[in-house]
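Asker: Provided herewith is a single structure, encoded as structure tokens, for subsequent inquiry.
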Amino acid sequence: MKALFGSLLCLVFTVAQCFALGGGPNYGGPGVTTTGIYAGVMTPGDLSPGANSLGLFSVTIPKTGLGTGTVIIFNVGETYTGTFTGIADPDSAQLTGEVDAEFPYTYSVPSGVTNGVTTYTTVTVVAKAAGKLTGQLAANTNVYSSASVRLTGSADVQFSLSVNNPFNEIVYDVIGFKQAEASS
């Protein structure tokens, strides 16, 4: 009887181990470190067909405070340069940021006629590109990659006072990766 009970007990313990959690308890969270230096590319998405544009950005997300970086958007022959300010939530692994870029240009307008010659005045205008970028950070599953974290998301950028741009808004698809860990 003791031998039968012992055999059944061994079977119960073996089956119980099959249903046990692997790797310890799950306390939630994304499993990625959100601090670091990120780089990404913005390409026009399905909501902006025909847009001739490309954006590049880099942002450093520190342990405390706001993340800062640079952004450049090439759009129909215009080059917007500016800043990227954002945060990364360590619980949801979501990167959220604000794009703010400018493209200054000048043009001449007739201001009058002097002795039969038209005079011109130069006007300087600053075109703006501003919008919100949201993305999800996820651990990189590619074992051959040096990037530990990948970024996917979207950016909605509005353009004002542009010269050649037929679009006043472009919705971009965003892909990126973590280049390095943050030093501070």
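Asker: Quick one: ALA127 ticks every box in (1) part of a strand (DSSP E or B); (2) without any contact (Cβ under 8 Å) to a residue 12 or more places away in the chain bar one, so which box is it?
Answerer: Of the numbered conditions (1) part of a strand (DSSP E or B); (2) without any contact (Cβ under 8 Å) to a residue 12 or more places away in the chain, the odd one out for ALA127 is (2).
Asker: Would you mind finding the one in ILE72, ILE61 that is farther than 19 Å from GLU181 by Cβ and among the aliphatic types (A, V, I, L, M)?
Answerer: ILE72
Asker: I need every pair where a residue in segment 42-56 that is within 15 Å of SER154 (Cβ to Cβ) has its Cβ under 9 Å from the Cβ of a residue that is assigned to a loop (DSSP other than H, G, I, E, B) and of a type in the set (Phe, Trp, Tyr), sequence separation at least 6 or different chains.
Answerer: Hits for this filter: PRO44/PHE167; SER48/PHE167; ALA51/PHE167; SER53/PHE167.
Asker: I'd like to check something: does segment 72-88 contain any residue that is buried (at least 19 other Cβ atoms within 10 Å of the Cβ), in contact with a Gly (Cβ under 7 Å, 6 or more places away or on another chain) and in contact (Cβ under 8 Å) with a residue 60 or more places away in the chain?
Answerer: Scanning segment 72-88 turns up at least one residue that is buried (at least 19 other Cβ atoms within 10 Å of the Cβ), in contact with a Gly (Cβ under 7 Å, 6 or more places away or on another chain) and in contact (Cβ under 8 Å) with a residue 60 or more places away in the chain.
Asker: Scan segment 111-118 and tell me whether some residue there is surrounded by 11 or more Cβ atoms within 10 Å (Cβ to Cβ), β-branched (Val, Ile, Thr) and modelled with pLDDT of 90 or more. Working first, answer last.
Answerer: So in segment 111-118, the residues surrounded by 11 or more Cβ atoms within 10 Å (Cβ to Cβ) come out as 111.
Still in the running and β-branched (Val, Ile, Thr): none.
Looking for residues that are surrounded by 11 or more Cβ atoms within 10 Å (Cβ to Cβ), β-branched (Val, Ile, Thr) and modelled with pLDDT of 90 or more, one finds none in segment 111-118, hence no.
Asker: Every residue in segment 122-159 that is acidic (Asp, Glu) and either touching a Pro at 6+ places or on another chain (Cβ under 9 Å) or under 30 Å from SER108 (Cβ atoms) (or both), please.
Answerer: So the first thing to find is which residues in segment 122-159 are acidic (Asp, Glu), and the list is 156.
Within segment 122-159, none qualify.
Asker: Anything in segment 130-151 that is hydrophobic (A, V, I, L, M, F, W, C) and part of a strand (DSSP E or B)? List them, or say none.
Answerer: Passing the criteria: ALA130, LEU133, LEU137, ALA138, ALA139, VAL149, LEU151.
The values are calculated or read from the model by the stated rules, or taken from the named source; none is laboratory data. Given the structure is predicted, the values throughout are model-derived calculations rather than measurements. With ideal geometry, Cβ positions are generated from the backbone for all residues, glycine too; neighbour counts draw on all protein chains shown.
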